[in-house]
1. For a label point 7 Å from the Cα of residue 72 along Cα→C-beta, name the residues of region 1-34 whose backbone N is under 18 Å from it.
2. Quick check: residue separation of residue 41 and residue 115 times 0.36 nm, minus the Cα distance between them. What number comes out in nm?
3. Which FRET efficiency value, to the nearest 0.05, do you get for residue 7 and residue 103 by plugging their Cβ-Cβ distance into 1/(1 + (r/R0)^6) with R0 = 35 Å?
4. Given H placed on each backbone N at 1.01 Å, which residues far from residue 43 in sequence or on other chains put an amide H within less than 5 Å of it?
5. May I ask you to give the solvent-accessible area per residue for the chain, in square angstrom, as obtained with a 1.4 angstrom probe?
6. Just from its helices, what would the mean residue ellipticity at 222 nm be for the chain, if runs of 4 or more DSSP H residues each count -39500 (n - 2.57) and the sum is divided by every residue, rounded to the nearest 500 deg cm²/dmol?
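The values are calculated or read from the model by the stated rules, or taken from the named source; none is laboratory data. Keep in mind the model is a prediction, meaning the values are calculated, not measured. Note that each Cβ is placed from the backbone with ideal geometry, even for glycine, and that neighbours are counted across all protein chains shown. Ligands, DNA and RNA are excluded from the accessible area calculation, which covers all protein heavy atoms including side chains. Shrake-Rupley method; radii C 1.70, N 1.55, O 1.52, S 1.80 Å.
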Amino acid sequence: MARIAGVNIPTNKRVTVSLRYIFGIGPTKAQDICTRLNIPDDRRVNQLSDDEVLRIRELIDRDYQVEGDLRRSNAMNIKRLMDLGCYRGLRHRRGLPVRGQRTHTNARTRKGKAVAIAGKKKVTK
């Protein structure tokens, strides 16, 4: 099992797919890494030599912000917004949608499970 950027990537998958298991590397960056290192698209991780794995590891460490560093910078950006007290920071603090989505209905992912309002009676006719 190859270990890159502190993540064990799957060995039986293609390199471009396996690199996506690293936080901060998606399809485009994975393809870019393979083209820069001249690794064919159909190559699997278990077919890589130790030298190729080392070159991938060095390239990612040098040119990309991934895993812990990226998570830390994202958290710091959100904390900065919250400390400023700007609108986006207030939405983060309250756990509401940040990017203008409606909250009258939906928004359950951010708001959490719906809580029933006690004491509300059904009107019967």
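1. 5-7, 23-25
2. Using 0.36 nm per residue and subtracting the Cα-Cα distance, I get 21.7 nm.
3. After rounding to 0.05, the efficiency reads 0.45.
4. Those lying under 5 Å, H to H, from residue 43 are 15.
5. Per-residue value: 74 Å².
6. -13500 deg cm²/dmol
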